[in-house]
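Beneath this line is the structure, given in structure tokens, with notes to follow.
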Amino acid sequence: MTAALKDQAETAAFPPGTIIGVDNIVKRYGDFEAVKGVSFNVGDGEIFGLLGPNGAGKSTLIRMLTTLIPVTAGRAVVAGHDVSKESDAVRRAIGVIPQAMTSDIDLTVEENLTIYAKLYEVPKAHREKNIAELLEAVDLTKWRKAQTKTLSGGMRRRLEIARGLVHGPQIFFLDEPTTGLDPVSRVAVWEMLNRLKERRKLTILITTHYMDEADRLCDRIAIVDHGKLVALDTPLALKATVPGSSVVEVQFEREDAEWQSKLEQLPGVTSVESHANGLYRVLSANGSQTTTQLVELAAREGQVIKGLSVQNTTLDDVFVYYTGRQLRDEQVKAHGFVMPQRPGMQP
Ligand SMILES: Nc1ncnc2c1ncn2[C@@H]1O[C@H](COP(=O)(O)OP(=O)(O)OP(=O)(O)O)[C@@H](O)[C@H]1O
């Protein structure tokens, strides 16, 4: 952390190591409060996920943190700079990938990157080297002379990611970067983000609709609903907050009426359902401990286990638990276009 960042973090009363500090931030559009006093800190080098149903306020939060719209109340400090008072310094420190793709389809891949680098006044010598490195990192070197309109959706998204990094930002904001991509392209984008994070020592703040990806890649996740923060922790800790965190399904060779009560007595078990053919569905607060003890008990009793499966709580369960809703793929909006401004839209 730079000295300036440290000073700023301390004066703002954010913990040391904070690179994005958000303190009771509010956004009102006229009478409507889209963000209702949200606070969180992102540590230097973290991948921080922002999850929430459509309309929860994620994009509004990102737009405030990236200085695109003014903050109504509260405070946010990004890379040591207040977003309301030092917007130019914030912009130099960040790269932003909005939901809609914005690269110029009539330019080549390389031209799109060069124009951006010039816009950010990246010195020529540094510019060429940086663009070559980024093209390689996003696997587009051999497409550098191709017109952007000829690229697939996944390739174009990778170009946008490279473009967001031409000026060497410390922090990368990505608003649903994989929405609309096929599963293979999605995985490619996430792997690439992980690589770039390591190579360029980036902090990443990302919104996504895909729970599996958030689970695998984010160090911490904030769940936002109706403009408020409803949960914030590591994926593992969030899953542990959901009651009855695992489902153990076991099938015994011999049916035996006593197994119901024997299973109920195992540590961590919260309920047992008995099904036909010696099958039991056991809800447990500690799936691995219950499973180990269940296997040991069966061995002691000379009972043969025909089948056994453990399903741990997923981030989907966490999401439903905190928001009462499910993030389904069909909720995901189509991308690749820019929404026209609605009448009455306000900055
Ligand atoms: N410029 C605006 N003027 C008025 N209301 C707005 C404006 N922008 C967003 N809103 C409203 O603020 C709320 C939060 O919107 P926001 O786009 O931040 O949600 P989101 O969580 O990013 O949703 P999504 O996943 O659909 O992008 C919504 O009710 C939205 O209609």
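Observations, loosely collected:
- The set of residues from the range 90-132 being under 25 Å from the mean Cα position of the chain (by Cα) and assigned to a helix (DSSP H, G or I) comprises Val90, Arg91, Arg92, Ala93.
- Residue check, Ala73 within 11 Å of the ligand (Cβ to nearest atom) and small (Gly, Ala, Ser): no
- Ser185 fulfils the conditions (1) in contact with a strand residue (DSSP E or B) (Cβ under 8 Å, 6 or more places away or on another chain); (2) more than 21 Å from Ile20 (Cα to Cα); (3) assigned by TED's automatic domain parsing to the domain that holds Ile47 except for a single criterion, (1).
- The range 43-69 - residue that is part of a loop (DSSP other than H, G, I, E, B) and more than 9 Å from the ligand (Cβ to nearest atom) and, of those, nearest to Val96 (Cα to Cα): Thr66
- Residue within the range 102-113 that is closer than 20 Å to Arg199 by Cβ and touching an Asp or Glu at 6+ places or on another chain (Cβ under 9 Å) present: no
- Breaking point among (1) hydrophobic (A, V, I, L, M, F, W, C); (2) at pLDDT 95 or above; (3) within 9 Å of the ligand (Cβ to nearest atom), for Phe40: (3)
- Residue within the range 104-115 that is assigned by TED's automatic domain parsing to the domain that holds Val189, of a type outside the set (Asp, Glu) and within 16 Å of the ligand (Cβ to nearest atom) present: no
- Unmet requirement for Glu33, which otherwise passes all of (1) at pLDDT 95 or above; (2) away from the ligand (no atom under 14 Å from the Cβ): (2)
- The set of residues in the range 132-149 that are within 16 Å of Ser185 (Cα to Cα) and without any contact (Cβ under 8 Å) to a residue 60 or more places away in the chain comprises Val138, Asp139, Leu140.
- Residue among Ser274, Ser261 that is free of Cβ contacts under 8 Å to residues at least 60 places away in the same chain, of a type in the set (Ser, Thr, Tyr) and out of contact with any helix residue (DSSP H, G or I) (no Cβ under 9 Å at 6 or more places or on another chain): Ser261
- 2 or more residues away from the ligand (no atom under 16 Å from the Cβ) and more than 28 Å from Gly43 (Cα to Cα): qualifying helices (runs of 4 or more DSSP H) within the range 161-270: 183-200, 259-264
The values are calculated or read from the model by the stated rules, or taken from the named source; none is laboratory data. Bear in mind that the values here come from a model prediction, so they are computed numbers and not experimental data. All Cβ positions, glycine included, derive from the backbone under ideal geometry; neighbour counts span all protein chains shown.
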